[in-house]
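Scroll down for the structure; my scribbles are underneath it.
The values are calculated or read from the model by the stated rules, or taken from the named source; none is laboratory data. Being a predicted model, the structure only gives us computed values, none of them experimental. Neighbour counts are summed over all protein chains in view; Cβ atoms, including those assigned to glycine, are modelled from backbone coordinates with ideal geometry.
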C-alpha cells in the first residue's frame, strides 16, 4: 500500500507536470497569435505597397498628355524618313519612278506574250461557271462577281510592302453603274472634310469617318467585319495612314482590303498636270483603278473585271491588269523569267492558266535529259 507521504509526493509531481503542460500550451498559443499578427502585418504592408504602386501609376497616367494621332504619324514618318535617303526634288523622284515603271512595262510586254484567244476562251468558261453557280452563291450570301488574275512567281521578292498600289484599267470595275460605295477615313474632326466635299459631285463617296470614330462606332470584331463588307473600297488621309492599322484591325489587313492613302487637302503635286486644281475630278478618278497589296507572295491575286462585263472588255482588262501589275513585282529584284504562271479565276472557281513558262532550273533539267 502507498502511504500518505508517497501519495502526496506523486500528486505534487503530477500537478507540476500538468502546470508545465499548461505553460507550454499557453506559450504555443501566444507564439501562434504572434505569428498570425506578424503575417497580418506583413500582408497589410504588402497591400499598402501595392496601393502605393497603383497610386503612382494613376499619377503617372494623369501626367501623360494625350497624343494627337496626326502628330504621332508625322513623328513616325520623320523617323522612317531619317533611315532612308532624302528626296530633295519630289517631282524629279516621281518622274524617275514613272520612267522606271514604263521601261519595265515595255519589257514585260516583250517578255510575257499573252494569247488573246486563250484568254477569251478561259473568260467565257469562267462566266459560264459563275452563272451556273449563281443560285448557290446567293444562298451562301456570296455576291462576288469579280474576275481575278493570279500571278505566280518562282521566287519570293527580297523586299515588299503591303501599302496598296493603284493598277489602272481601261474599263473601270467600280463606279455609279456598279453601285460602288467608297468610305474615306480622315483625321479628326471629320466635319472639316465633310464640309470640304459636300458640294462636289462624287457619287461613289458614301461615307466619311474620322479616325476616332472607327473604334467608337465599330469596337468589336463583328462590328469591323460589318464595316468591311459595307463598302467596296476604303481610302485614308495619307497623314494618318501609318495609324490606320490599329482601329481597322486584322479584319482589313488579313483580307488585303487595306485603305489606300489619298490627299484630303488638295490635288497632289504629282497629279496637278492631270487634274489641275480640280479636286472633284481627283476623287472621281479613284474609281478608275483596281487596288493591290503586294505582300511577300509568291502568289498575287488582283481584281480586274466583272462577270457581267462584255467579253471584249474583260479580255482587255485582263491583259492590261497583267501588264500593269508585273512591273511593280519586277521593282522588287524579280526577273521576268521568275513569272512562272498567270491564271484567271472567280471567287469560288478553279484557276484557269493563260500563261506558263519553265524556270531556268527546269529548262536545264529538260536539256540534260
Original post:
All but one of (1) assigned to a helix (DSSP H, G or I); (2) under 30 Å from residue 240 (Cβ atoms); (3) touching a helix residue (DSSP H, G or I) at 6+ places or on another chain (Cβ under 9 Å); (4) modelled with pLDDT under 80 hold for residue 75; which doesn't?
Top reply: (3)
**OP:** Give the stretch 250-267 a look and list any residue that's touching a residue at least 24 places away in the same chain (Cβ under 8 Å) and more than 13 Å from residue 234 (Cβ to Cβ), or say none.
**Re:** 263, 264
Subject >> Count - residues of the stretch 334-357 that are over 17 Å from residue 117 (Cα atoms), within 24 Å of the chain's Cα centre (by Cα) and surrounded by fewer than 20 Cβ atoms within 10 Å (Cβ to Cβ) >> reply: 2
**OP:** Considering each residue of the stretch 250-267, count those that are part of a loop (DSSP other than H, G, I, E, B), within 13 Å of residue 164 (Cβ to Cβ) and over 8 Å from the mean Cα position of the chain (by Cα), and give that number.
**Re:** 1
**OP:** Just need a number here: residues in the stretch 268-292 that are in contact (Cβ under 8 Å) with a residue 24 or more places away in the chain, under 23 Å from residue 96 (Cβ atoms) and part of a helix (DSSP H, G or I).
**Re:** 2
**OP:** Mind listing just one residue for me: the one in the stretch 180-195 that is surrounded by fewer than 16 Cβ atoms within 10 Å (Cβ to Cβ) and touching a residue at least 40 places away in the same chain (Cβ under 8 Å) and, of those, nearest to residue 306 (Cα to Cα)?
**Re:** 181
Original post:
Within the group 344, 322, which residue is in a helix (DSSP H, G or I) and not assigned by TED's automatic domain parsing to the domain that holds residue 196?
Top reply: 322
